[in-house]
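Undergrad: Here's a structure for you.
The values are calculated or read from the model by the stated rules, or taken from the named source; none is laboratory data. Note that this is a predicted model, so its numbers are computed, not measured. Here the Cβ positions follow ideal geometry from the backbone for every residue, glycine too, while neighbour counts run over all protein chains shown. Heavy atoms of the whole protein, side chains included, go into the accessibility calculation; ligands, DNA and RNA do not. Shrake-Rupley method; radii C 1.70, N 1.55, O 1.52, S 1.80 Å.
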Amino acid sequence: MGDGNWWVALVTGATALGASWITTRGNARSVRVEAEVNAHADHIAEARNRRRDAYRDLSTAVHALSEVFWKMEVVDLSQTRAERVELIDQMHVASRRCVSEVTRTSRDVCLEGPAAAAKAAGELGRRAVDTHLLLIGLHDGTEETRSAYDDAYRGFTEQHVHFLDVARSALEVS
């Protein structure tokens, strides 16, 4: 009988060791999978935050440039040609600085993506430059090219709205 108990104890001990080894291995795998999932989630959150910041920076730069372009309404209300020329000269200086910021931030969005947002940002940057160049061509706001400037400004603002729609879609959490 002593020999039978010894075998039972040996088998029981071996079973306990085997179960412990399997449990430890399963726990280690579970911890590794959880760490991978958390790292992936952190990476996704970080990328989303970078995108959101890039989109916000571009929108802020576009807003600042829009404020410069919008001043054409003030030019239209000016009483004298000298006032119009002075205001447009101020707009030239301000728009040069602002269009540079729009260009820089649109490139940041192009780097962060996704492709639809990058494309919309690139188009927005192009329209900013085009509108700026038309503004530079104006001296007092009454030239024949004024209607081209007005059309470009409308297209610029419409593209900004389009970019915001694309950016919002890119940031939606599904």
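Undergrad: Given the conditions (1) within 30 Å of residue 80 (Cβ to Cβ); (2) among the aliphatic types (A, V, I, L, M); (3) part of a helix (DSSP H, G or I), and given that residue 121 satisfies all but one, which numbered condition is not satisfied?
TA: Here residue 121 clears every test but (1).
Undergrad: May I ask you to list the residues in segment 131-140 that are touching a residue at least 24 places away in the same chain (Cβ under 8 Å) and either surrounded by fewer than 20 Cβ atoms within 10 Å (Cβ to Cβ) or closer than 14 Å to residue 97 by Cα (or both)?
TA: 131, 132, 135, 136, 139, 140
To keep it simple, each residue is scored yes or no on (1) acidic (Asp, Glu); (2) assigned to a helix (DSSP H, G or I); (3) closer than 20 Å to residue 155 by Cα.
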site: 86; (1), (2), (3): yes, yes, no
site: 93; (1), (2), (3): no, yes, no
site: 98; (1), (2), (3): no, yes, yes
site: 105; (1), (2), (3): no, yes, yes
site: 130; (1), (2), (3): yes, yes, yes
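Undergrad: Another one. Given the criterion surrounded by 15 or more Cβ atoms within 10 Å (Cβ to Cβ) and of a type in the set (Gly, Ala, Ser), identify the matching residue among 28, 61.
TA: Just a single option satisfies the conditions, and that option is 61.
Undergrad: Please specify each residue of segment 97-117 satisfying the condition of being open to solvent by 40 Å² or more (accessible area, probe 1.4 Å) and in contact (Cβ under 8 Å) with a residue 12 or more places away in the chain.
TA: 101, 104, 107, 108, 110, 111, 112, 114, 116
Undergrad: So, one more: Which is within 30 Å of residue 44 (Cα to Cα) and of a type in the set (A, V, I, L, M, F, W, C), of 129, 166?
TA: Working: 129 fails: within 30 Å of residue 44 (Cα to Cα).
Going through 129, 166 in turn, just one is within 30 Å of residue 44 (Cα to Cα) and of a type in the set (A, V, I, L, M, F, W, C): 166.
Undergrad: Any idea how many residues of segment 131-174 are of a type outside the set (S, T, N, Q) and either within 20 Å of the chain's Cα centre (by Cα) or within 14 Å of residue 106 (Cβ to Cβ) (or both)?
TA: Of the residues in that region, 16 qualify.
Undergrad: From 83, 67, which residue is farther than 30 Å from residue 47 by Cβ, within 23 Å of the chain's Cα centre (by Cα), open to solvent by 30 Å² or more (accessible area, probe 1.4 Å) and not polar (S, T, N, Q)?
TA: Of 83, 67, the one residue that is farther than 30 Å from residue 47 by Cβ, within 23 Å of the chain's Cα centre (by Cα), open to solvent by 30 Å² or more (accessible area, probe 1.4 Å) and not polar (S, T, N, Q) is 67.
Undergrad: Can you tell me which residue among 94, 121, 128, 47 is modelled with pLDDT of 95 or more, under 17 Å from the mean Cα position of the chain (by Cα), open to solvent by less than 60 Å² (accessible area, probe 1.4 Å) and not β-branched (Val, Ile, Thr)?
TA: 121
Undergrad: Only residues in segment 45-72 that are without any contact (Cβ under 8 Å) to a residue 60 or more places away in the chain count as the first member; pair them with residues that are open to solvent by 70 Å² or more (accessible area, probe 1.4 Å) and not β-branched (Val, Ile, Thr), Cβ under 8 angstrom, at least 6 apart or cross-chain, and list the lot.
TA: Cβ pairs passing all conditions: 54/111; 61/101; 61/104; 64/101; 71/90.
Undergrad: So, in segment 141-174, exactly how many residues are open to solvent by less than 60 Å² (accessible area, probe 1.4 Å), over 23 Å from residue 114 (Cβ atoms) and assigned to a helix (DSSP H, G or I)?
TA: The total comes to 8.
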